[in-house]
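Contents: one structure, followed by commentary.
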Amino acid sequence: MEILLDYTLKEMQEKLVAMGEQKYRAKQIYTGLYQGKSFNEMSNISEKLKQKLIENFNAQPVQIIDKKFSVDGTVKFLYKLHDNNIIEGVLMKYKYGYTLCVSTQVGCRMRCAFCASGLDGLIRNLSAGEILGQVTEVNQFLEGSLKEERKITNIVLMGSGEPLDNYDNVKKFINLVNDENGLNISERNISLSTCGLVEKIYQLADDDLQITLTISLHAPFDAM
């Protein structure tokens, strides 16, 4: 089943038209998805269209199944994906707003010695919509909405997985979460952490994304 959050507004419009629906319906559905709603919670579309969507698409591919609260206001989330895989994320509160740490893969192939994410290797990449789904879920948890009313101000790609090992989906996620029709989170408020995939760092520079790049330096030599 396709994840509707994987698509841009234009791509959603094309999907809806191909299903025999009016183009304007896509904006209604798009807005509902970015507010963290299921299809059944969208009161501005017909029951017939809801059923058609339920049969063909997944609305919210990420579900919060557990939360751990720290005394400093930090919240650790356990998420279940649509295929029952599990990932984690962390919400941190600062004076300027909320920063959400998101995962980009289930597991990780890098196997950094200090990190538990790679103990079982890489299970699979997350799609752009699954990365975005972490943001919509937590934004709804904070009772935020879109644009100026959203609660999350910053994103760090520092959860499980190596973001540059899932380059295409991460790049599309950045474009989706930056879209002014949705959450409209500035690229300059997004940080990406890598253990150092040099070829992909060059590609990131060539693609001219206005994000912050951080490098995790473990040691100056591979043997060490």
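The values are calculated or read from the model by the stated rules, or taken from the named source; none is laboratory data. Note that the coordinates shown come from a computational prediction; the quantities given were computed from them, not determined experimentally. Neighbour counts run over all protein chains shown; Cβ positions are idealised from the backbone, glycine included. When the accessible area is computed, the model is the full protein with side chains, heavy atoms only, and any ligands, DNA or RNA have been set aside. Shrake-Rupley method; radii C 1.70, N 1.55, O 1.52, S 1.80 Å.
Of the residues that make up segment 188-206, is at least one within 17 Å of the chain's Cα centre (by Cα), in a helix (DSSP H, G or I), closer than 17 Å to residue 128 by Cα and in contact (Cβ under 8 Å) with a residue 40 or more places away in the chain? There is no residue in segment 188-206 that is within 17 Å of the chain's Cα centre (by Cα), in a helix (DSSP H, G or I), closer than 17 Å to residue 128 by Cα and in contact (Cβ under 8 Å) with a residue 40 or more places away in the chain.
Taken together, the residues in segment 133-159 that are more than 12 Å from the chain's Cα centre (by Cα) and of a type in the set (Gly, Ala, Ser) amount to 2.
Only residues that are more than 15 Å from residue 134 (Cα to Cα) and charged (D, E, K, R) were counted in segment 66-82, giving 2. Across segment 207-219, the number of residues qualifying as at pLDDT 80 or above, open to solvent by 50 Å² or more (accessible area, probe 1.4 Å) and not in a strand (DSSP E or B) comes to 3.
Can you say whether residue 23 is part of a helix (DSSP H, G or I), of a type outside the set (Asp, Glu) and either touching a helix residue (DSSP H, G or I) at 6+ places or on another chain (Cβ under 6 Å) or more than 23 Å from residue 91 (Cα to Cα) (or both), as far as the supplied structure shows? Taking the combined requirement at face value, the residue does not satisfy it. In segment 1-55, the residue that is nearest to residue 181 (Cα to Cα) out of those that are open to solvent by less than 70 Å² (accessible area, probe 1.4 Å) and among the basic types (Lys, Arg) is 25.
Looking across segment 84-96, the residues that are in a strand (DSSP E or B) and either open to solvent by 60 Å² or more (accessible area, probe 1.4 Å) or in contact (Cβ under 8 Å) with a residue 40 or more places away in the chain (or both) come down to 86, 87, 88, 89, 90, 91, 93, 94. Any residue at all in segment 138-147 that is in contact with a helix residue (DSSP H, G or I) (Cβ under 8 Å, 6 or more places away or on another chain) and of a type in the set (Lys, Arg)? The answer is no, given that none of the residues of segment 138-147 is in contact with a helix residue (DSSP H, G or I) (Cβ under 8 Å, 6 or more places away or on another chain) and of a type in the set (Lys, Arg).
With respect to the stated conditions, residue 162 is in contact with a helix residue (DSSP H, G or I) (Cβ under 9 Å, 6 or more places away or on another chain), more than 27 Å from residue 12 (Cα to Cα) and not polar (S, T, N, Q). Residues of segment 50-61 include at least one that is among the aromatic types (Phe, Trp, Tyr) and outside any helix (DSSP H, G or I).
All conditions but one from (1) open to solvent by 40 Å² or more (accessible area, probe 1.4 Å); (2) more than 22 Å from residue 64 (Cα to Cα); (3) outside any loop (DSSP other than H, G, I, E, B); (4) not aliphatic (A, V, I, L, M) apply to residue 222; the one that does not is (3).
Of the residues making up segment 172-183, those that are touching a residue at least 40 places away in the same chain (Cβ under 8 Å), part of a helix (DSSP H, G or I) and buried (at least 18 other Cβ atoms within 10 Å of the Cβ) are 172, 173, 176, 177.
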